[in-house]
Each structure stands twice: as structure tokens, then as C-alpha cells.
């Protein structure tokens, strides 16, 4: 069996001369040895000894140091410098043996006549050989991962290569630490549910505390707490453009996560990060393509229904069946806490994570438009409830903003889709003004507006509004007054002066003055039922016309 890491026990078995005996510190045999260093008789005794090295010496050499140094004292100094073990030729006192045992430092007795300098070279060559084997195996895993990526195997295929190359279960987790894909070697079974439960919460914080020198450097591979009996997990963070986008984990039996697994994981991180970048680029390209098509479709810029249906099917849209359009925005004058970001991309980011299958969406600067297939176009309650559920899910994750939605009715076909979109836009604009707060305004529940909607945009409707309200609206614009709003509130309060004054926060005398001015400017009498009906109709049509 090949040895891929070098421990004190490995050197005892493979490199120390025959007849070497362990006198103390047996609990430290699994310590890693990075190199060997031989005592010098002139200070400093170990000039280059670093953490993890094995110290080699002869007891009579200690007497040549000025001042002479006892072995027990030498052990204390070597322990403080991080030495992994000590091999000694010559007599060893009981005091030194007890000191080594207390420190947990392996202390070996070398046979008389051992050439310590040759032993130092043998240990160096052994460690170098094991490192070469380790990096060759790591490079082999990396090469196979690169081949799988080039062949388009995707994340599941890459994970399978990593699992087979390390003989450990491999898992890819998303930014929130939720398992996305898993792969296990033969004879081992690990499910997403079991892994998520065993990892628990809070483990990702350890990665945020690890500095990374550059995007190209290998990420830190850390031991992770996992509540699976007899199991051990190691993992690293995957980063794109300086942001953590996921995590890569290996899970195996306790004590089996050695240097090979850690090296393979660190080298695999770059391949998986590149694959994630490729996936993101594909998704962004598809989103742009779908978004452009959806934009043109909703705005009525595409008119050939056969071509539209063909393109829609190719992109995964079903425009033949009944669809409902939902326009999602926020309360007027609200901005994200960051201040610089537009509302639309923020809404789209959340929608991308929660949209049901075959649901399409396109982002605008201040809103997002969702096209949702509906099974039964006659069921108006169920689609409205689905629209409200979608709005609530978005509101739960968008920077503390109050999310408002407008939903059109359900129609089949391209023309029906365009009609539902216009209804959704009107529902959002009307509902946001009439009933403030986070809710979904379903066009079919907006009273008289669905009846008036067929008149939207017609020359006759525009001429009627101008003839009835034109002078009043112009007066408001020129004088910075709110007479049209006052008139609308007066009608909504059924002509009750007290309620109207209270709603407008006006003194009753001030309201009476405004109503006289309205009648003078508009050239009507509010006591005339026909005139009152015309004014109310014009006000409602005007609301449809306001963008």
C-alpha cells in the first residue's frame, strides 16, 4: 500500500534503521513529519529546525555544546519549536524518557553506529518521494476533472470524478449551504437530507474568517463538524469575482481525510468554480434571450403568431395555454437600502430562486414581469391566490421593501398574454394608488375598471376625458393645486362633505371653496346627476391612462 503522507510512525517503519526502539511518546506517532534536522555542536544547535521536523542527535554531542546541554533540557527546547519527534543515538536517561512521555513527543533510541547524517538524507528522500506521489495523484484527479469539464459532464459528472478519485463522498453545496449535487463511491451512500442534517448550521462562518490572497490561490481546506457517527468532513469555499458562490465537501470515515483528500479538494475548487462560471454565463445568456423575447412579446412588437409560438416553444414557454401575467413592484418612493441598485434586478434575483417550473420573468428598472401558466382560465380565485403567494415570497427577501403586485386575468394565446400584461400593469398602477400597502391587486377585482379597460387607449376615451376634465387638470398643473384629486375624493365619499373634508385633512369651509372652484373651472354643476356621472366616468378613465 502506498504511503501518501509521512508520519512519525511511517518513518519508524520505513526509514529508521533496524533495531530502533520507541522509548516514549507513543501517542504522537501519527504526527506529520515535514523534514529532518541534525544537531550541530556549535550554537545554535538546530539552526533551521522548523515545526513538524524530526530532530536527530547523539547524546555525546550534547556534551560538546558550550555550555553542555542535557537531553531532557534539549527535549523542552525542541518541543517549544514544534519538533514532531526526536531520534537519539547513545545513552538516554530515565529523566529524559519521562520528560518525552510527558510532552507526548516520540523519543527513539537509535542503534549504536548509526550514521546520523546519512539517516537525515534518507528521511529527506523518503519525504520527497511521498510528496511526489501525493502531488501526482492530486494532479491526476485534477486532470480527470478538467477532462470531464471539457466533455460537458456538468456538475454531477465532476462530482462523480472527484468521489471516484478520492474514494470519498463528494458534495456541492449552494451559497446558503444547501446540498445541490452529491456523488458517492461504490459501497457508500449519502443523501442530501442526511448531509444537511449532519452539518447543521453555522459551519460556513469558518470560511468567511479565512483570508484569501488572490482569486488564483488555492482556497483553505477546513475540517467541518459533522454529526455522522464515525465520519469526517473537509470542505472549501468556491468563489467567483470575490464572492462565495458555493462549497465543495468530501465526507469519509473518521481519520481517513489525509493530505491527498485535502490537496484534491483544493485543486478541484478551481475546476468547480470555472464550471459554476460557465453555468452562470449560460444562464445569463438564456435569461437575456428569453427576456428580450418576452419583452417584445408583451409589448406587442412581435405580431406573427405562428412564429411567436414556435420561438416560445423553443425557449420553453407555453403561449398557447392560458397564462396570467403578474407585474411586481414596490410602494411608490421606496428604494433599496443600498441606494444605488434599481428595484427590478433586486426583484429578479429573488424571483429566480422561487419561480415555479415553466414560469417566465423579465426585469425592468423598477419592476419585474412574471408570466405564469394557469391550468384553468375560468378559475379566477386560484390564480389570484398564486399571485399573492408569489408576492409574499418576494417580499420576504428584498431588503425590507413593501412589495406590491398587479395581476391580469388568465387568457390563452399570444393576444391573451398581451392583454393580461396590460391588465396587470393597470392593476398595479390603480391598486397602488387606491389601496396602499403590500398586496396583490387582481384586475378582475377592481370594480368597474375591467369594464372600462376595453376603452383604454382609444381616441374616443381620450377625447371624452379631455372634454370633461381637461380644463380642471390644466388648472392643477399651472397652479400646483389638487382640484381633480379633491373631486375624486368627493365622489368616493358619496358627496358627504364631512367625510370628504376629513379624508383630505381640510376645514369644511376650505372644501366648500374648492368645490365651487371646480364647478366654475369645469363649467358643471355637482347637483346635476348627468354631469356628476360624466365626471366620475372621466376620472376613472383618466386613471387608466396614467402610466
message: I'd like the FRET efficiency for residue 140 and residue 95, computed as 1/(1 + (r/R0)^6) with the beta carbon distance as r and R0 of 56 Å, rounded to 0.05.
response: 0.70
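Suppose R0 equals 51 Å. What FRET efficiency, 1/(1 + (r/R0)^6) with r the Cβ-Cβ distance, do residue 229 and residue 63 give to the nearest 0.05?
Computed FRET efficiency for residue 229 and residue 63: 0.45.
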field: Length released on extending from residue 508 to residue 451, taking residue separation times 0.36 nm less the Cα-Cα span
entry: 17.1 nm
field: Potential lengthening between residue 516 and residue 274 on full extension [0.36 nm per residue; Cα-Cα distance subtracted]
entry: 80.0 nm
- line: Sorted on mean Cβ neighbours within 10 Å (highest first), peptides 59-71, 261-273, 75-87 come out as 261-273, 75-87, 59-71
message: Test of understanding: what is the full-extension gain from residue 115 to residue 196, defined as 0.36 nm times their sequence separation minus their Cα-Cα distance?
response: 23.7 nm
message: Under a crude label model (7 Å from the Cα following the beta-carbon direction), how far is residue 479 from residue 292 in nanometres?
response: 5.2 nm
- request: Determine which residues of the range 513-545 fall in the zone a paramagnetic label at residue 434 would reach in this model, i.e. backbone nitrogen under 18 Å from the point 7 Å along Cα→Cβ.
  value: 533-545
query: Using r as the Cβ-Cβ distance of residue 151 and residue 14, and R0 as 35 Å, what FRET efficiency do you calculate, to the nearest 0.05?
result: 0.30
- prompt: Taking neighbour counts of Cβ atoms within 10 Å as a proxy for exposure, in what order, fewest first, do 507, 142 appear?
  reply: 507, 142
- prompt: If you take every DSSP beta bridge whose two residues both sit in the chain, what share of them, in percent to the nearest 5, is antiparallel?
  reply: 75 percent
task: Only Cα pairs under 8 Å and at least 6 apart count here; give the relative contact order of the range 454-545 as a rounded whole percent.
output: 37 percent
message: Using a 7 Å offset from the Cα along the Cα-to-Cβ direction at both residue 41 and residue 188, what is the distance between the two label points in nm, to one decimal?
response: 5.3 nm
- request: Per DSSP H run of at least 4 residues, take -39500 (n - 2.57); add these up for the chain, divide by its residues and hand me the 222 nm value, nearest 500 deg cm²/dmol.
  value: -15500 deg cm²/dmol
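Bear in mind that the values in this text are calculations on the coordinates, not laboratory data. These figures come from a predicted structure and were not determined experimentally. Note that we place each Cβ from the backbone using ideal geometry, even for glycine, and neighbour counts take in every protein chain shown.
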